[in-house]
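Please read the structure below before turning to the comments.
The values are calculated or read from the model by the stated rules, or taken from the named source; none is laboratory data. Just so it is clear, the model here is predicted, and its values are computed rather than measured. Heads up, the Cβs are rebuilt from the backbone with ideal geometry, glycines too, and the neighbour counts pull from every protein chain shown. SASA here: full protein model, heavy atoms, side chains in, ligands and nucleic acids out. Shrake-Rupley method; radii C 1.70, N 1.55, O 1.52, S 1.80 Å.
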Amino acid sequence: STQYTATLDSISRTARTTRTTKRKTRYVCAAHGVAGMGMLTDHGRKLHGNFEKDFLWTHNIGRGDSFYRFRNWMIGRLLSGENGDARGDVDVEKRDLSRPPYRIVVSNNSSTDARRNISFEEHAAVLRSELGKKYELDIRRVELSDMSVADQVKLATGASMLITAAGGGASIGHFLPRGASMLVFFAEFPPDKEVSTGQYNGWVMDWDTYNNFAYIRTHWLPIRHGGNATDSNDSSGQSEADMNVFVKLVDQELDLISHVNDYD
């Protein structure tokens, strides 16, 4: 577009500024840095997943291969060595998920929004109790805001499963290996909230993107709020039935992951 071309021209003129003027470019060039997700927008002309009309069509269908190739390129850049090659401890193409232990990354308190700033400590404890004898589990409970981007990516590339709340914190799911699973919890509107006309009963944030990461399986589960949307950031609103569904879903996914090489 004209605007895009003008921006490129501006960058070029700024970069060519001579040393005598002592002007510096406003743009940052990084040998080992990346930004974005390989395309202009993640959901097109609709919104994230807040309104009913956001579910009338999918923006990213058929883009799974593009997402995966951009994932691998980003890993190669973010985790590159001095010579620009990907580090030997990260294989962006192959990951044998079928071998235990099965790493489950539990992302706690991943949002600045109180409605989605949830701790999944109870979920982690239940998984260890209910499935710990059936599977060899490596459950990593983390707060991603305390980790560097590189450490977050390395954690995700070695994970069999990611459990997270919807929103920006879930974007680390982009770096999961082929065959992994992601369980995304979205915040239901609490009973005392009046839902506007056309508004969806919850925040299914960025469903269009995560559902079209064709190299992983994405599942959505509700965060129950017992009352006001500013309730404490725990999962005490989850019913016994909710937790049973959660455990059975994780069991199903781990069974699939343990046989992932059977389908090569």
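If I ask for residues that are over 25 Å from residue 238 (Cα atoms), touching a Phe, Trp or Tyr at 6+ places or on another chain (Cβ under 9 Å) and surrounded by fewer than 23 Cβ atoms within 10 Å (Cβ to Cβ), which ones from the stretch 155-176 would you list?
155, 157, 174
Residues of the stretch 177-197 being open to solvent by less than 20 Å² (accessible area, probe 1.4 Å) and at pLDDT below 90, which ones?
Result: 187, 189, 190.
Given the condition open to solvent by less than 60 Å² (accessible area, probe 1.4 Å), at pLDDT below 75 and on the phi < 0 side of the Ramachandran plot, answer yes or no: does some residue in the stretch 53-71 qualify?
No, the conditions are met nowhere in the stretch 53-71.
Which residue is modelled with the lowest pLDDT, if the candidates are limited to the stretch 130-147 and must be under 18 Å from residue 112 (Cβ atoms) and open to solvent by 80 Å² or more (accessible area, probe 1.4 Å)?
Looking at the filtered set, the residue picked out is 145.
Inspect the stretch 93-113 for any residue being in a helix (DSSP H, G or I), of a type in the set (D, E, K, R) and modelled with pLDDT of 75 or more and give the result as yes or no.
no
Of the conditions (1) open to solvent by less than 50 Å² (accessible area, probe 1.4 Å); (2) over 20 Å from residue 64 (Cα atoms); (3) outside any helix (DSSP H, G or I), residue 150 fails just one. Which one is it?
Going through the list (1) open to solvent by less than 50 Å² (accessible area, probe 1.4 Å); (2) over 20 Å from residue 64 (Cα atoms); (3) outside any helix (DSSP H, G or I), residue 150 breaks only (3).
Can you list residue pairs whose Cβ atoms sit under 7 Å apart, with the first residue in the stretch 107-126 being over 16 Å from residue 142 (Cα atoms) and surrounded by fewer than 18 Cβ atoms within 10 Å (Cβ to Cβ) and the second being modelled with pLDDT under 80 and not small (Gly, Ala, Ser)? Count only pairs 6 or more apart in sequence or on different chains.
Pairs that qualify, where the first residue is over 16 Å from residue 142 (Cα atoms) and surrounded by fewer than 18 Cβ atoms within 10 Å (Cβ to Cβ) and the partner is modelled with pLDDT under 80 and not small (Gly, Ala, Ser), are 114/230; 114/233.
Could you check residue 169 against (1) modelled with pLDDT of 90 or more; (2) in a helix (DSSP H, G or I); (3) within 18 Å of residue 187 (Cβ to Cβ) and say which number it fails?
Checking residue 169 against (1) modelled with pLDDT of 90 or more; (2) in a helix (DSSP H, G or I); (3) within 18 Å of residue 187 (Cβ to Cβ), the one that fails is (1).
Can you find a residue in the stretch 229-251 that is part of a strand (DSSP E or B), closer than 22 Å to residue 108 by Cβ, modelled with pLDDT under 90 and not hydroxyl-bearing (Ser, Thr, Tyr)?
no
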